[in-house]
Structures are given as structure tokens and as C-alpha cells.
Amino acid sequence: MRPLVLVIGAGHAGLEAAFAAARVGARVCVVTGRLDTIGQTPCNPSVGGVAKGHLVKEVDALGGFMGRAADACSIHGRVLNRSKGPAVQSTRLQVDKARYGAHASAALLAAEDIAVVEGLVRRIVLAGDRTTGAQLEDGRTIDADAVVVTTGTFLGGILHTGDARTPGGRVGEAPATGLSRCFAELGFALRRLKTGTPPRLDGRTIDYDGLEEQPSEDPPPRFCWVDDPEPLPPLLPQVACHLTWTNPTTHALIADNLERSPMYSGQITGRGPRYCPSIEDKVVRFAHRDRHQVFLEPEGLATHSVYPNGISTSLPADVQARLVATIPGLERATLLRPGYAVEYDAIDARALDHRLASKDIRALFFAGQVNGTSGYEEAAAQGVVAGANAALSAFDRAPLVVSRSQGYIGVLVDDLVTQGSDEPYRMFTARAEYRITLREDNADIRLVGLAHAAGLVDDARRERVHARAAQAQDLADQLRRGTRPADARADLVRRAEAAILYEGYEARMRDEIVRMHGDTGDLPLPPDLDYLALAGLSRECAGRLQAVRPTSTSQAARIPGVTPAAHATVWAWARLRARSLVAGEDRRE
Ligand SMILES: Cc1cc2nc3c(=O)[nH]c(=O)nc-3n(C[C@H](O)[C@H](O)[C@H](O)COP(=O)(O)OP(=O)(O)OC[C@H]3O[C@@H](n4cnc5c(N)ncnc54)[C@H](O)[C@@H]3O)c2cc1C
């Protein structure tokens, strides 16, 4: 019988985990709180954006779901950072939210090897140091060979609007309190984080006259390659967004009501995302700024709901209505639903290895917001890694590990398991030291080898990726010679031009990667190495290393607070060990 992978949750991480485990060849059972919220997008109506677009392309390169789903449901698309170099240009699609959820739900429920169960998991079941499944709140137990936890903002979730506190994972859904307690009892360090969402507005009550219009690009960008044999989903009608601004009146109103914000009254203790602050936070932290952007983004074709991107808030509903009315174009806007903040538990991801597996409990994997990230794309990227590895470990096959030089997914996972996150982690291009080589245009060729080895893509797809890379190479050669074929495909031109622009940098980076990670640069470290007993390390550095238990010397070097001297000591030990292992002896201390 093929092994069974149990995925807890059907958000963006859960979907990718389930599809990836099934692609590797496992049977999959997904258990999720509510069947009607599969693939929900509870916050912004968009997929992609700066660095997040790179993650979506990489998920697609690993055979994942998100890129194609976003293409099928897109109602507005742009490439961001057009004025900057191609390496940091990112695709951002706005999706019809209802269609996206319906599309995800239909795909999951129709998948051959995936069963979907409605219910809330209360605890993880263990036999010794290994998980054997999970128990639901109603007492049912589901046996599994591996378990992937993707519970998003639901662990101990509390929703806040003004001084109103409601237990919940997101609006209308119960929190997962039992499971949160279970993880604490199993020894996982939990941290309290928070994130928030703005009110939703009735588009019919917005006065768009005088606001700057931002149309979709023509043609809008897509995440998938146009030469995929599965035809691109037909393009939906495209809608425009509009730009407006807050002003000193808005800011004065917020400042006057700060004590009614649960973030400032002390009611919320969790840390919010520094790079995606609420409007209260912006007014306090950037007091010198007299205006902030607000993008008005339609949430779908069959709804009048508009998402005012930029004014996430947990102020009381009456203050939200008044603050919205201070903004040009929104003077008479009706709130369909007030904004709110959600406070929840996340695990310290330093308890995981690069497969996103627990270091202490075998066959237990984690992905998504529960690991301390925010964002649909970050969740999806982790979902592929955790889901594929859960299946690969159940088959006793080699793991899927993306390195920092191979992809943003590698950067994301390495940052999480090495540094943890004490605020919701969001991807940026600046986090990737090899960002010149990690472009959207080459995500397919960067990852196809790993994807194929893991069983995530088949032979035909690998061949297509190689053929496409060869075509882009030919095109680059022609462009260098000053000829440009009239019928050249736009996506290949973009790729060939980027390759030409960066060829000098790329060569230097390749040298650097070899220097840092070549045969002698990066050395493996055993997971049970006792750093406190390693001669030459300060107690502080030893403690930091012991907390993370890095798997390689390069990971050890990236742990915050590990000094160059400590890294040199660990490296020297690893080098000695590598030599002794070759000589047949393990000189562990
Ligand atoms: C109010 C709010 C505001 C947000 N604001 C932002 C933002 O500004 N920017 C941003 O980038 N991201 C934001 N997000 C986060 C974004 O929604 C998530 O990052 C993303 O959806 C996480 O995906 P996930 O798969 O990890 O979890 P989710 O999409 O939350 O999915 C979790 C899934 O787990 C299921 N589940 C939970 N517990 C159990 C259990 N015990 N048993 C069975 N099933 C369970 C749920 O039913 C759900 O299907 C916000 C989210 C919320 C709720």
C-alpha cells in the first residue's frame, strides 16, 4: 500500500502540500476546518508582487498549483519594478477572490489521490518519537505515515476590532485551540504574532472621479509559460484599480483614537509584520509623513467589494467609518465589513530542518503562516517543500532541499530554520544574496532538476524546460549579434535580454557560489553535535548553535550572533571530522 500523507489545513500551504505529496506518489488526506473556505484569500486580492512573484514562479517550476490558479482567476495584472533591472521585476496578479477559492476547491476535491475531510484537528498522535496521525475534535483518528501542519492563523487565534475580542482563526471560523496546546505540550516554543486586514468598501459608493486610474497591463502578465501543452486558461475581463491618499485629517483622527486601538491599548501583545504595518502603526512610526497611499482594488467581477490596500486596521468600526470618509473619493463610501486584526500562535521554525520537518518528532512537517511567515506566496512555497518531503520521507527517498543559490524558496526556508522569526516574515528581493541569478524568467531551469528528481515533474516537462532554455540561449546569441527575429516570443526575449545584461555578474556569482559551497567550503554538521562540549567556543555562541543545530557550516555562519571566530572553530572541527570520516574514524567530541 502506498504511504499516506495527512495534511492539516487547506489554505495556500495546505493545497500545495497536498498536491506535491500526491505528485510524488503518496495517497493524501486533507483535513480542514471548513470545506467552503478551501484556498481562501482572507486578506489582499492579489497573488505575487515584489519577490513574491518570484516565489510563485518557483512554485510553478516545482509543478505547483498557485501560478496556474492565479492565471485562471486574474482580473488585473502588472509587472512591478519595471523601472529597475529585470532581476527584481515581479509579476503581480489581482484575482477574483470567489473564483480563486472555487477553483482551488474544485481542483482539490477532484484530485484522484486526495481525500478531503471536514473537521478540526485537536492533537497530533505519537508512537514514541514518531507521529502516526492526528485526532479530530470529534474523536475521530486519522492514521498517516507523515503529517504536514498548515494551520495558518488558527492556533489560539483571537480576532480584534476595537475592544471586541472574538476567538477565531479568521472571520467566521473557529480557532484551533486544542492543537496549539498540543504543540506546547510536545515542546514546541510558541510565539504570539498578529496580522490585520482593512475594512471592505462598497464600490458603488466610491467616487472614482479625480482619482488616478491604474489599468491592467495589455496584455497582462501570466505566471505560466505560454508553451505549456495545457492551454493557458482564458483571460477574464480586466478591471482597473485606483489610487488615493490619506491626509493630515485622517492621521489626526487616528491619533485621537489610538487608545481605542487594541494594538496600543495593550490588548494585543503579538508582533505584527514590520513591512506591512497597519494604518495606526504608519501614523505613529512615520509621524513626519502627511500622506500614505491607498490602492482601491476590486475583489472580483461578481461583487462590489473593494479592498483598500494600505489601511489595514483594528480600530473600532465607528472610527474606521470616519477615517475612511476623510480619504478623497471615499467620502460617502459604505463599509461592507470592518477591518480586524488576528492574533495567533506560530511555532519557532528553528525546531525544523531544511525539509521543514521537526528535528525531534519524526514524520511531522510544518508549512505556512504557522511557521511565522505572512503571505499566500510564502505559504505556498513552504507547502510544496513540506508536502514533497513528507511523501519523500514516507517512501524513504532523498529529500527535496532548495539551496539559497537555487531559489527564493531556499532563502525563505533557510532564513526560517536558521533565524526563526519574531515577527511575520515576508519575502523581499534584498533577502536573496544571489538575486541577480534568481530571476522570474529562469525559475523553470533553476529548479527543474530538483523537481524532476523528487518526482514533482515528469520527463516531458523537464524536456520542455530544457528546450525552452536552449531557445532563449539561441535568441540571446542572435541579440548579441544585433539581429532580432521578428517572430521572437516576448517571454523568451525578456529572458534572453536578462541573460545578456547579467552575464558578467552571473559568472562572478557562480565563482562565489563554488568558492563558498564547493568541495571544501561548506561542510556537513551532525544534528546531534554537542556545541557546549566543543573546545574554543564561547558559551553564548555554543548556546546559539545548540538552539538551531545547523546541518552545515554555512548555515552555522548565518545564525544571528555566531561570530566569525565561532564559525571558524566549527568549520575547523567539521573539516577534521570530514578527514577522519574519510580515514574511517569519527572524531566527534
Ligand atoms: C485577518 C488576516 C489578515 C492578513 N493580512 C495579511 C497581510 O496583510 N499580508 C499578507 O501577506 N498576509 C496576510 N494574511 C495572511 C495570509 O492570509 C496568510 O499568510 C496565508 O493565507 C497563509 O496561508 P496558510 O496556508 O499558512 O494558512 P491559511 O490560509 O490561514 O489556511 C489555514 C487552513 O488551516 C485550516 N485549519 C486551521 N486549524 C485547523 C485544525 N486544527 N484542523 C483542521 N484544519 C485547520 C483552516 O481551516 C485553513 O484551511 C492575513 C490573514 C488574515 C486572516
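The values are calculated or read from the model by the stated rules, or taken from the named source; none is laboratory data. Quick caveat, the model's predicted, so the values are computed rather than measured. Glycine gets a Cβ as well: all are built from the backbone with ideal geometry, and neighbour counts include every protein chain shown. Heads up: the accessible areas ignore ligands, DNA and RNA and are worked out on the full protein's heavy atoms, side chains in. Shrake-Rupley method; radii C 1.70, N 1.55, O 1.52, S 1.80 Å.
Ignoring ligands, DNA and RNA, what accessible area per residue does region 55-115 give at 1.4 Å, in Å²?
On a per-residue basis, region 55-115 sits at 31 Å².
What value, in deg cm²/dmol to 500, does the helix sum -39500 (n - 2.57) over DSSP H runs of n ≥ 4 give at 222 nm once divided by the residues of the chain?
That calculation yields -11000 deg cm²/dmol at 222 nm.
Mean Kyte-Doolittle of at least 0.0 and a Cα length of 24 Å or more along the axis: which whole DSSP H helices of the chain meet both?
Those that clear 24 Å and a mean of 0.0 are 376-394, 564-582.
Considering only the other residues whose Cβ falls under 11 Å of the Cβ of Arg200, what net charge follows from Lys and Arg at +1 and Asp and Glu at -1?
-1
Once neighbouring chains are kept in place and the probe is 1.4 Å, which whole percent of the accessible area of region 400-439 is contributed by carbon and sulfur?
C and S fraction of accessible area: 43 percent.
If we sort 196-208, 162-174 on the protection proxy, mean other Cβ atoms within 10 Å, highest first, what's the order?
By packing density, highest mean first, the sequence is 196-208, 162-174.
With all protein chains present, how much of the accessible area of region 84-211 (probe radius 1.4 Å) comes from carbon and sulfur, to the nearest whole percent?
Roughly 50 percent of what the probe reaches on region 84-211 is carbon or sulfur.
Any idea of the accessible area per residue across region 162-254, 1.4 Å probe, to the nearest Å²?
Dividing the accessible area of region 162-254 by its residue count gives 48 Å².
Using only the Cα atoms of region 286-429, build the gyration tensor, take square roots of its eigenvalues as a ≥ b ≥ c, and label the shape rounded, prolate or oblate: rounded if a/c is under 1.5, else prolate if a/b is larger than b/c, else oblate.
Taking the square roots of the gyration eigenvalues as a ≥ b ≥ c, region 286-429 is prolate.
Please give the peptides 340-348, 10-18 ranked by average Cβ packing (other Cβ atoms within 10 Å per residue), highest first, as a rough proxy for protection.
Ranked by mean Cβ neighbours within 10 Å, highest first: 10-18, 340-348.
My understanding is that a pair violates if its Cα-Cα distance is over 26 Å; which of Lys57/Lys359; Lys194/Lys282; Lys57/Lys282 do that in this structure?
Pairs exceeding the cut-off: Lys57/Lys359; Lys57/Lys282.
How much of the DSSP bridge set in the chain is antiparallel, in percent, rounded to the nearest 5?
70
Please list, or write none, the aspartates and glutamates whose alpha carbon is within less than 16 Å of the alpha carbon of Lys84, excluding same-chain residues fewer than 8 places away.
Within reach: Glu440, Asp441, Glu497.
Within the accessible area of region 222-331, what % is carbon and sulfur when the probe is 1.4 Å and the other protein chains stay in place?
56
Find the accessible area per residue for region 467-579; the probe is 1.4 Å, ligands and nucleic acids are left out, and the unit is Å².
It amounts to 55 Å² per residue over region 467-579.
Among 400-411, 101-112, how do they line up from the highest to the lowest mean number of other beta-carbon atoms within 10 Å?
400-411, 101-112
Please report the net charge: other residues with Cβ closer than 13 Å to the Cβ of Ala430, K and R +1, D and E -1.
Taking every Cβ under 13 Å from that of Ala430, the sum is +2.
Which cross-chain or sequence-distant (5 or more) residues have an amide H under 5 Å from the amide H of Gln214, H modelled 1.01 Å from N in plane?
The answer is Cys241, His242, Leu243.
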